[in-house]
Amino acid sequence: HNFTILLVLCSQGRITLNPGVFSQVKSWFSPWMRIIAGYLLILQFAKKYGNIYSLRLFGGHMVVIHGYRLVKEALAVRGEDYVDRPIIPLFEDLVGNSGLVASYGYLWKQQRRFALHTLRNFGLGKKSLEPAIQQECQYLAEVFAQQKGEPCNPRIFINKAVSNIICCLVFGERMDYDNKRHQQILADLKELIRLEGSIWVLVYSIAPWLMKRLPGPHKKIFTVTENIINYVQVKISEHKETHDPSNPRDYIDCFLTEIAEREDKESGFDLRNLSFSALDLFVAGTETTTTTLYWALLFMIYYPHIQEKVQAEIDAEVGSRMPSLQDRDELHFTNAVIHEVQRMGNILPLNVGHMTTKETTLENFTIPKGVMVIGNLDSVLHDETMWESPHTFNPGHFLDEQGKFRKRDAFLPFSIGKRVCLGEQLARMELFLFFSGLLQRFTFSAPEGEQPSLECDMGVVHSPKPYCLCAKLR
């Protein structure tokens, strides 16, 4: 789970950090104690205390790392030292050492290796998955066309389309957009993400033994998770009835075969872990890409001249046929815009939390084993030493002097190192095909008399505030 938007109880404590000394923020209860959103607090501390510092949190310590150089050093160069996940009481009670995101140690390594191998076999990052995404883009375009240019919030349409790609990989089928059960699961996923970024994660972590016994909003996290897991378990039961090991249809089939053949009980190949792994794939494969495309359309209505330039390039290089992945090498400006959307959209600003596997050092500071580490992706994507105009939407960041697309070292929206997002290749495919396909067919604009806003909602996922647009057929 992406549980790194932390809520920290903190007063005006003084931070001291000396070379080789593990520092702490002194916190105490007082009438002036404030509950501060972790994201804003961390940015505030970075300006004052530099690119590496530590906070006292939940009776332990948390180290925060800022900037491309240090984040790369920790998560990539010294990746093995930071590969574990922190144990946060609420999530430990919710999933334990299960699934693909919150798991750690030997089980995580086995599960990640299996997931990467299996998803690649079903087309992850390969051209074989392209037709399914193109078909889904057509369904999505039909829904936009049905709005007849009237104002609509595009998020739910995008959400249904994106979720169907991961449904094909995990469940072996896509869902109709009017499928009530599927709509409810998507609503539950959105609610789960909201709750995971709420104050109740903090409250539960302060006194888990008490919160387990008390009623309250924190209980809804367990209820919503159970609803989604029940849905996944129904799918697993359906697969077991028709399972043919010689002809796997999807991720669930491959996992069931692995359960039957594996004797290694420590590797996590059991029905419980299958349920949570499928949940992780569903959440990670739906929410982040949905939110990125939601940002993309917002930026297009906010910067209509950029939208026009994207459309002109698509018209010139692709024409009326459906865009394909092969076009990416020729659609330099379009590709640059997508990358700039990811940079400025900044979907997971604080990354997913890491934990040290042993005592290690970074920038002459000693970090003990078992310490939570936040590699701040916001500070990488807006690093003033790496970007020409870090706080401005500028597709030129990804174009060379000839107007050709260029990669940038500090472009790390999927993180870096051994815990890099395993769905990165799928997300790249989806973003390009959905974005280019929609802009080929529609011009997006704000409803008449409304001024688009780039204001955002802060939570586990950094998302635009709800907005409406008009989609006009070109």
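Helices meeting the span-like rule in the chain (full DSSP H runs, Cα extent of at least 30 Å along the helix axis, mean Kyte-Doolittle score of 0.0 or higher): 271-302.
Near the amide H of ASP457, within less than 5 Å, lie the amide hydrogens of SER463, LYS465, all on another chain or at least 5 residues away, with H placed in the peptide plane.
For TYR82, the shell of other residues with beta-carbons less than 13 Å away shows a net charge of +2, using +1 for Lys and Arg and -1 for Asp and Glu.
Sorting the Cα pairs of the stretch 348-431 by distance into bins of 5 Å, from 0 upward, gives 3, 12, 17, 20, 20, 13, 8, 6, 2, 1 percent per bin. Since only PRO151, VAL234, ALA46 are under comparison, the one whose Cα sits farthest along the positive direction of the charge dipole of the chain, derived from C-beta charges on Lys, Arg, Asp and Glu, is ALA46.
Take every Cα pair under 8 Å whose residues are at least 6 apart in sequence, average their separation, divide by the length of the stretch 58-214, and the relative contact order is 20 percent. Dipole magnitude for the chain: about 1180 debye, using +1 per Lys or Arg Cβ and -1 per Asp or Glu Cβ, origin at the Cα centre. Name the residue farthest towards the positive end of the dipole of the stretch 7-473 from the options CYS167, GLY216, PRO466, assuming +1 on Cβ of Lys and Arg, -1 on Cβ of Asp and Glu, about the Cα centre. Highest projection toward the positive end goes to GLY216. Taking all Cα pairs closer than 8 Å and separated by 6 or more residues, the relative contact order of the stretch 51-121 comes to 16 percent.
Across all C-alpha atoms in the stretch 393-453, the radius of gyration and Dmax reach 15.8, 48 Å.
The shape of the stretch 169-279 comes out oblate: with a ≥ b ≥ c from the C-alpha gyration tensor, a/c is at least 1.5 while a/b does not beat b/c. Remark: the Cα gyration tensor places the stretch 101-231 in the oblate category, a/c being 1.5 or greater and a/b not exceeding b/c. Rounded to the nearest 500, the helix-only mean residue ellipticity at 222 nm of the chain stands at -15000 deg cm²/dmol, with each DSSP H run of n ≥ 4 adding -39,500 (n - 2.57). Within the stretch 141-215, the percentage of alpha carbon pairs spaced more than 16 angstrom apart rounds to 64%.
Summing Lys and Arg as +1 and Asp and Glu as -1 over all other residues whose Cβ lies under 13 Å from the Cβ of THR385 gives a net charge of -1. Each of THR223, THR292 has some number of other Cβ atoms within 10 Å of its Cβ, and from fewest to most they run THR223, THR292.
For the chain, the relative contact order comes to 26 percent (Cα pairs under 8 Å, sequence separation of at least 6). Loop-located GluC sites (Glu not before Pro) in the stretch 235-267 (DSSP state not H, G, I, E or B) with no more than 14 neighbouring Cβ atoms inside 10 Å: GLU263.
Positive contributions from Lys and Arg (+1) and negative ones from Asp and Glu (-1), summed over other residues with Cβ under 11 Å from the Cβ of GLU317, come out at -3. Would you mind classifying the stretch 326-474 by shape? Square roots of the alpha carbon gyration tensor eigenvalues, ordered a ≥ b ≥ c; an a/c under 1.5 is rounded, otherwise it is prolate if a/b is larger than b/c and oblate if not. It comes out prolate by the Cα gyration axes.
Using every pair of alpha-carbon atoms in the chain, split the distances into 20 Å bins beginning at 0 and state the percent of pairs per bin, rounded to integers. Histogram of Cα-Cα distances, whole percents per bin: 23, 56, 20, 0. Amide H to amide H, with H built 1.01 Å from N, GLY370 comes under 5 Å of THR356, THR357, LYS358, counting only residues 5 or more places away or on other chains.
Think of the stretch 7-473 as having a plus end and a minus end, set by charges on the Cβ of Lys, Arg, Asp and Glu; of TYR177, GLY67, LEU140, GLY67 sits farthest toward the positive end of this dipole.
Of all DSSP-defined beta bridges confined to the chain, some 85% are antiparallel rather than parallel. At q = 0.10, 0.13, 0.16, 0.17 Å⁻¹ the log10 of I(q)/I(0) for the stretch 224-381 amounts to -0.69, -0.97, -1.04, -1.05, computed by Debye summation with a single uniform scatterer per C-alpha, solvent ignored.
Bear in mind these aren't lab numbers, they're just calculated from the coordinates by the rules spelled out. Remember, it's a predicted structure, so these values are computed and weren't measured experimentally. For neighbour counting, all protein chains shown are included, and Cβ atoms are generated from backbone atoms with ideal geometry for every residue, glycine included.
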